[in-house]
1. Within segment 262-272, can one find any residue that is in contact with a strand residue (DSSP E or B) (Cβ under 6 Å, 6 or more places away or on another chain) and either surrounded by fewer than 20 Cβ atoms within 10 Å (Cβ to Cβ) or modelled with pLDDT of 95 or more (or both)?
2. Can you tell me which residues in segment 178-199 are under 20 Å from G209 (Cβ atoms), hydrophobic (A, V, I, L, M, F, W, C) and touching a Pro at 6+ places or on another chain (Cβ under 9 Å)?
3. Suppose we keep only residues that are touching a strand residue (DSSP E or B) at 6+ places or on another chain (Cβ under 8 Å) and farther than 17 Å from R57 by Cα within segment 219-244. Which one would you say is surrounded by the most Cβ atoms within 10 Å (Cβ to Cβ)?
4. Would a scan of segment 196-212 turn up a residue that is within 24 Å of P356 (Cβ to Cβ) and of a type in the set (V, I, T)?
5. Within segment 52-65, identify whether any single residue is more than 19 Å from R227 (Cα to Cα) and in the same structural domain as L256 (by TED's automatic domain parsing), and answer yes or no.
6. Please go through segment 283-320 and pick out each residue that is touching a Ser or Thr at 6+ places or on another chain (Cβ under 8 Å) and part of a helix (DSSP H, G or I).
7. Pairs under 9 Å by beta carbon, first residue in the same structural domain as I181 (by TED's automatic domain parsing) in segment 131-146, partner surrounded by fewer than 15 Cβ atoms within 10 Å (Cβ to Cβ) and modelled with pLDDT under 95, six or more apart or different chains?
8. Please count how many residues of segment 321-361 are part of a helix (DSSP H, G or I) and over 23 Å from the mean Cα position of the chain (by Cα).
Amino acid sequence: MTAATSASSATVHFSRGIPPLEAIPSAAIAELTGSILASEPDRVFQYAPIGHHTGDRELRDQLGLFHTVDPDRVFVTNGSLQALDLLAAHLLKDAPGKKVLAEAPTYDRAVQIFERHGGQVSGIPLRHDGLDLDVLRERLQAEVPAFVYVIPDFQNPAGVTTSEEKRRELVRLSAEFGFTILEDIPYRELRFAGTAPTLLGELADSVDGARVLTIGSLSKVLSPGLRVGYVIGAPGTPRALAALAESTYLSPAPLLQAVAARAFASGLVRRNIDEVRDLLRPRHDAAVEAVRKSLGDVALCVPEGGYYISVHLPVRSPEEKFLAAAADEGIALTRGSAFYPADSAPPSGTVFLRLPFQALGGEEFAEGVARLAAVAQRPE
């Protein structure tokens with residue numbers, strides 16, 4: 001670490017996208033939990049019902065209201081990763097082919113889950129407004145995948161939001177070629193500017209033959225510790241997933257789902273979403289300004305929400321050497337190539353960097369990207 005860095009702040013953590021503590025309404029959740037324990041401890045400390053149990057009835061009703069869907073289309077899981085795991089098992093088990101298409105870059109843990117279930121994950125380039133649909137069409141003509149996985153709102157890791165036009169075309173392609181779309185929306189409610197495009201699941205309702213499964217989570221809008229995720233699917237899908245779930249973990253945690261249901265019913269979820277938007281909006285704006293000032297025009301997009309701004313940063317050295325040099329300067333990064341499926345990679349001569357801004361003040365974020373700029377400018 002250089003003398004200049006030693007004199008400045010400590011390590012800048014660009015490595016994890018977890019909610020800042022001030023975004024979690026812990027006291028209010030604890031109060032709701034106490035009221036549930038006082039009124040119905042026997043129910044929440046017993047197994048949940050067995051036999052195609054799709055989740056706490058009140059919670060599914062509340063999620064139905066939140067998303068304006070029939071609650072019978074909702075299946076509640078222990079976090080969204082478990083939803084991805086069950087969906088991968090459900091969709092890949094009897095699929096004629098094991099090909100899975102995903103954005104490149106995409107969420108690395110999702111790729112690991114799909115591959116664990118035998119999926120052959122292949123990347124489609126991600127542009128500033130969503131998937132490169134020209135590349136997708138070419139790939140579809142060669143082979144129809146078991147499913148296409150997308151994070152259409154404030155994508156992890158890139159921060160990209162898929163445009164309305166591309167959403168409509170993607171749903172149309174689903175109907176034309178007969179593949180399922182997995183739509184993962186953990187950040188959708190955290191929009192700081194602009195207007196939200198339509199959910200793919202909503203678009204599919206009006207396109208004959210289109211198939212979309214929507215995956216949601218309360219981790220970014222309420223609490224990751226509650227471990228509440230959910231799937232919105234066509235009638236019949238929740239029961240199929242429930243059968244898989246029972247053979248995997250027997251029963252969800254009734255207490256956690258009851259707390260989540262009460263959080264919706266009391267208005268806590270919607271209040272917290274508003275408060276988190278107000279908390280993160282200035283951090284987002286400061287991050288966008290800092291990237292432009294120190295790194296130039298290298299961001300994939302201006303996110304307008306979520307947790308991440310990302311860049312393809314021109315460098316003179318290989319990724320591993322760059323990451324080591326960044327670490328020496330007090331910058332903790334996630335290896336950007338890990339977000340790319342095995343057949344994909346960042347553009348030649350660049351490293352992909354996911355820069356989470358949700359937990360950093362403006363000055364700390366700006367210090368981090370200034371250090372990155374200095375490291376990138378060094379000769380090989």
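The values are calculated or read from the model by the stated rules, or taken from the named source; none is laboratory data. The shown structure was predicted, so the numbers you read here are calculated from the model rather than taken from an experiment. So basically every Cβ, Gly included, is an ideal-geometry build from the backbone, and we count neighbours across all protein chains shown.
1. no
2. Answer for segment 178-199, where residues must be under 20 Å from G209 (Cβ atoms), hydrophobic (A, V, I, L, M, F, W, C) and touching a Pro at 6+ places or on another chain (Cβ under 9 Å): F179, L199.
3. Result: S219.
4. Among the residues of segment 196-212, not one is within 24 Å of P356 (Cβ to Cβ) and of a type in the set (V, I, T), which makes the answer no.
5. Yes: one or more hits.
6. Matches in segment 283-320: E319 only.
7. E143/G97; V144/P96; V144/G97; P145/G97; A146/P96; A146/G97
8. The number of residues fulfilling the criteria is 8.
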